[in-house]
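Novice: Got a structure for you, written out below as structure tokens; questions coming shortly.
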Amino acid sequence: MTGRKTLRTDSLVVAAGRPPRETGAPVNPPVVLSSTYIGTGEPQPDDLLYARYDTESWRPLEEALGALEGSSRRALVYASGMGAVTAAMALVPNGGTLVIPRHSYNVALIAARAHAEQRGLTLVEVDIADTTQTTTALEQADSPTLWLETPTNPMLEIADIPALVAATRSRGGLVLADNTFATPLAQQPLALGADVVVHSVTKYLAGHSDVVMGAAVTDDPELWARLKSHRDVHGAIPGPWEAWLALRGLRTLALRVQRSQRSALDLAQRLEAHPAALEVRHPGLPSHPQHERAAAQMSGFGSIITLRPHGGALAATAIARTVQLWVPGTSLGGVESLIERRRRLPSEPTTVPEDLLRLSVGIEDVEDLAEDLLAALGASQG
Ligand SMILES: Cc1ncc(COP(=O)(O)O)c(C=O)c1O
């Protein structure tokens, strides 16, 4: 299917990465279990040679993810989101400056600090919603690299992507964007000027909490080649079954995201009106500090809510233990709704409040989700 220029994203998730239309051809790509390929002469650029470099099991998914992010080049898939994150961070030159949200995904922050220590980077952790603070950090460096995560995990801060891209460009730097929370359906960082997009495919793209995988997308041939050669030598590659499962999950991305986004906004409004809620955050709520910015650059507000109940960390833990339908556990973006008090993780930044619950809204009936959650919230106050 070559309709990437004309199809809308909701159609692309279904149509991209299909085998050629030939009589008797399968509708879905096959899983090919082979670590090597027959060959004798010098390999040509697109030849399959050895399965750490490229396989027909990745290509349909890579084509679909590249097209979804608006790139003319296929994505590169990795064994995990962190495989993609660390490959993208390797693009920061030794001794360079990396400006990163202080509330990025906590393991991305750990990776950034390790890169800084080992490769002499200047790491500047900023409040990414504060455009002046972030722009000032960028202006103080030569060729800085900006790491964008917007909304941030779990604080849901929204960066002004066009303004920060312009500030990075004016200093000759690169913009790398983690688009996991928004998905390409709600936000298109490449179209807003980012150079590379990374994903934890584990989350919404695969969507069923049964696969761990990552992806990087760029339209720039040189950056693509650098990422590819990093993957070739570091070897963080997914298996063929995982690639197949992720593409299978991707087929329903639009339906899942539409449903979970609608439910998330509904639940956020109900929580905000509840007397036991101290603070509720969701980019779709007018009370969110960057609601207007989110509305300007996103076509959906995502499916994550944060809730701080009255009663502190004890009340938050009680809610996660009391819910029956919501699943207590880490991660997000699956069909099932997940709930987690983030500070239970020792690696979470200490600026994330102790009582903050991160809610990943799934696709269950919103009335069941509301009844379960509001009952647990009420019971936590006893
Ligand atoms: C925003 C974000 N980026 C990257 C990752 C890492 O992805 P993975 O767990 O697939 O390695 C995560 C995981 O939670 C995440 O939330």
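Coordinate-derived values only; no laboratory data. Model, not experiment: these values are computed from the prediction. Because the Cβ atoms are built from the backbone with ideal geometry, glycine has one as well, and the counts that use them run over all protein chains shown.
Novice: Can you tell me which residues in the range 184-229 are hydroxyl-bearing (S, T, Y), touching a helix residue (DSSP H, G or I) at 6+ places or on another chain (Cβ under 8 Å) and under 29 Å from D46 (Cβ atoms)? Step through it out loud before you land on a result.
Specialist: The initial filter retains those residues of the range 184-229 that are hydroxyl-bearing (S, T, Y), namely 200, 202, 204, 209, 218, 229.
Next, from what is left, pick out any that are touching a helix residue (DSSP H, G or I) at 6+ places or on another chain (Cβ under 8 Å): 200, 202, 204, 218.
S200, T202, T218, listed by residue number.
Novice: To continue, here is another question. Can you name the residue in the range 213-266 that is over 20 Å from the mean Cα position of the chain (by Cα) and of a type in the set (A, V, I, L, M, F, W, C) and, of all such residues, is surrounded by the fewest Cβ atoms within 10 Å (Cβ to Cβ)?
Specialist: V233
Novice: While we're on this one: Take residues that are among the acidic types (D, E) and tell me which of the helices (runs of 4 or more DSSP H) falling wholly in the range 280-382 contain 2 or more. Before you say what the answer is, go through the steps one by one.
Specialist: Numbers: elements: 291-297, 312-322, 366-379.
Once the helices (runs of 4 or more DSSP H) in the range 280-382 are filtered for at least 2 residues that are among the acidic types (D, E), what remains is 366-379.
Novice: Checking S72 against (1) under 23 Å from P221 (Cα atoms); (2) surrounded by fewer than 18 Cβ atoms within 10 Å (Cβ to Cβ); (3) without any contact (Cβ under 8 Å) to a residue 60 or more places away in the chain, which single condition isn't satisfied?
Specialist: Unmet for S72, out of (1) under 23 Å from P221 (Cα atoms); (2) surrounded by fewer than 18 Cβ atoms within 10 Å (Cβ to Cβ); (3) without any contact (Cβ under 8 Å) to a residue 60 or more places away in the chain: (3).
Novice: Can I ask one more? Determine the pairs where a residue that is under 13 Å from M89 (Cα atoms), located within the range 100-111, has a partner that is of a type in the set (D, E, K, R) with Cβ atoms under 9 Å apart, the partner being 6 or more residues away or on another chain.
Specialist: From the range 100-111, the pairs are I100/E125; I100/E149; A108/E149; A108/D178; L109/R102; L109/E125.
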